[in-house]
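The values are calculated or read from the model by the stated rules, or taken from the named source; none is laboratory data. Predicted, not measured: the structure shown is a model, and the values here were computed from it. All Cβ positions, even for glycine, are placed from backbone atoms using ideal geometry, and neighbour counts span all protein chains on display.
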Amino acid sequence: HGAVMILGFQIPALTGFFANYCIPLMIGAKDVAFPRVNALSVWLFYVGIILALLTFVIPDPPDVMWTGYPPYSTISTGNTAMYTFTVLILGFASIIGGVNFLTTVAYMRAPGLKWSNLNIFVWCTLGAFVLQLIFVPVLGTAVTLISFDKYLGTHFFDPANGGDVLTYQNLFWFYSHPAVYVIFLPFIGVIYEIVTTFAKNPPFNYKMVVYGGIFGIVGLSGEVWVHHLYVSGMADWIRIGMMVSTLAISVPVGLMVIGLVGTLYKGSITFQTPMLYALGVMFLFLIGGLTGIPLAVTSLTVHLARSYYVVGHFHYVMAVAGTFAIFAGVYYWFPKMTGRMYNERWGKIGFWITFIGTNIVFWTMMDIGVKGMPRRYYDYSHMSQFEGAHQLMTLGAVILGIGFVIALINWIVGAIKGPKAGENPWGSKSLEWTTVSPPPHGNWPSPPVVAENWSPYAYRRD
């Protein structure tokens, strides 16, 4: 579930779908730099997802969870090779996609478009691609060595023959915690585009957001993985040092959130469906971020990390905040993609149902986690005190699912027979809204030229 949702849904949706659609439009390009490489990345993604889904039906499927920890993964009777191939294929797709988009932004911007005038979404996505280029090879190396140990008789992670299981854990989390920011950066970029448009305000301190927030997150994301290993027997001085570095990354993340709040200040805010989802992301991420601070503290994470608390926290900060951001982006760019409008009333109904269901499920998770409910138990019949909470979470999940179905139906009906949207129904100043909806092949009839004083956020702050 975790691997498919992260590698197969959120990262492809944010750094694949939105990046493919929005970045060329936002920089005035007719396409990406290497269209065939882009197509290869897409097809590799499909192959990886098919392999991942086949694990549900093949004999002896991988049973090593999403982490693949040895020594179990090297002695398991499950098909660990399928796990390895899936990760390698999806990882390679993300690497070549990252190279493509970095090249596109560097060399295919419209005449007159400066780096200092790029959309925040573009900056955020570039930061995510840099992280992928740095850290995905580390994950690929780790899972490949697992297969070498299991199928070729090597001993990289076998303590009896000079190996070390903690080497794998360090390699895995050296990628997997920066992967949090591979998702966070694009989704917070989506929210900035929406909030600036519906508040009719420029970003609160653009330079702070880009240089302090985005650059700070990219620079510090490789220094925080060790908090996943606090109980693995490391020296106290290492735990303290990594606790400080983990807490330090909350500073650039906080700058990003402060920038959003400042953008709302004295804005002419309209609460249409994309804006509701954007505000929902801000609330959910704030809850997830604040509940994550105790997990960075060595004395607290020992008690919380193996409980439902961390499951609820992670879903707040990543799963539902990221998914709400994806929904916000689909609603926001829906008129641009289809040339039609969705049903605003049903969009708002779907948001509130989803928002309520989300909080019922994951707030309850954190509550019972603090009270002692452990995670990764398939049978909790001996913990009858939590039975009511689990029933409440099931009800919340049903409500959450109904909200998702409403949104999906709204998009389908809107795309088929929604009213015509026009080129720029939101009144945005960004470059993607200056072409027709949906854009023609090549995005513009003739290449756009950006004026010297142009900005994608040319709103007047009162």
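So, Gly396, is that one among the small types (Gly, Ala, Ser), assigned to a helix (DSSP H, G or I) and within 18 Å of Ala319 (Cβ to Cβ) or not? Spelling it out, Gly396 is indeed among the small types (Gly, Ala, Ser), assigned to a helix (DSSP H, G or I) and within 18 Å of Ala319 (Cβ to Cβ).
Residue-by-condition table, conditions (1) assigned to a helix (DSSP H, G or I); (2) not aromatic (Phe, Trp, Tyr):
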residue	(1), (2)
Gly163	no, yes
Ser176	yes, yes
Ile191	yes, yes
Lys207	yes, yes
Ile214	yes, yes
His227	yes, yes
Trp237	yes, no
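Scanning the stretch 130-184 for residues that are among the acidic types (Asp, Glu) and free of Cβ contacts under 8 Å to residues at least 12 places away in the same chain gives a single hit, Asp164. Checking Asn410, Asn424, Asn359 one by one, the residue that is surrounded by 13 or more Cβ atoms within 10 Å (Cβ to Cβ) and under 30 Å from Leu118 (Cβ atoms) is Asn424 and no other. Out of curiosity, is Pro12 crowded, with 18+ Cβ neighbours inside 10 Å, free of Cβ contacts under 8 Å to residues at least 60 places away in the same chain and under 30 Å from Ala160 (Cα atoms)? Against the criterion (crowded, with 18+ Cβ neighbours inside 10 Å, free of Cβ contacts under 8 Å to residues at least 60 places away in the same chain and under 30 Å from Ala160 (Cα atoms)), Pro12 does not qualify. Got at least one residue in the stretch 366-381 being surrounded by fewer than 23 Cβ atoms within 10 Å (Cβ to Cβ), of a type in the set (S, T, N, Q) and free of Cβ contacts under 8 Å to residues at least 24 places away in the same chain? Within the stretch 366-381, one or more residues are surrounded by fewer than 23 Cβ atoms within 10 Å (Cβ to Cβ), of a type in the set (S, T, N, Q) and free of Cβ contacts under 8 Å to residues at least 24 places away in the same chain.
Any residue at all in the stretch 328-336 that's touching a residue at least 12 places away in the same chain (Cβ under 8 Å), over 30 Å from Trp426 (Cα atoms) and in the same structural domain as Ile360 (by TED's automatic domain parsing)? No, there is no match, as no residue in the stretch 328-336 is touching a residue at least 12 places away in the same chain (Cβ under 8 Å), over 30 Å from Trp426 (Cα atoms) and in the same structural domain as Ile360 (by TED's automatic domain parsing).
Please find, among His315, His303, the residue that is surrounded by fewer than 22 Cβ atoms within 10 Å (Cβ to Cβ), touching a residue at least 40 places away in the same chain (Cβ under 8 Å) and part of a helix (DSSP H, G or I).
Selected residue: His315, the only one of His315, His303 that is surrounded by fewer than 22 Cβ atoms within 10 Å (Cβ to Cβ), touching a residue at least 40 places away in the same chain (Cβ under 8 Å) and part of a helix (DSSP H, G or I).
Can Trp433 be described as modelled with pLDDT of 90 or more and not assigned by TED's automatic domain parsing to the domain that holds Val190? Judged against the criteria, Trp433 is a match. Inspect all residues belonging to the stretch 75-89 and state whether any of them is more than 21 Å from His177 (Cβ to Cβ) and modelled with pLDDT of 90 or more. Checking the stretch 75-89: at least one residue is more than 21 Å from His177 (Cβ to Cβ) and modelled with pLDDT of 90 or more.
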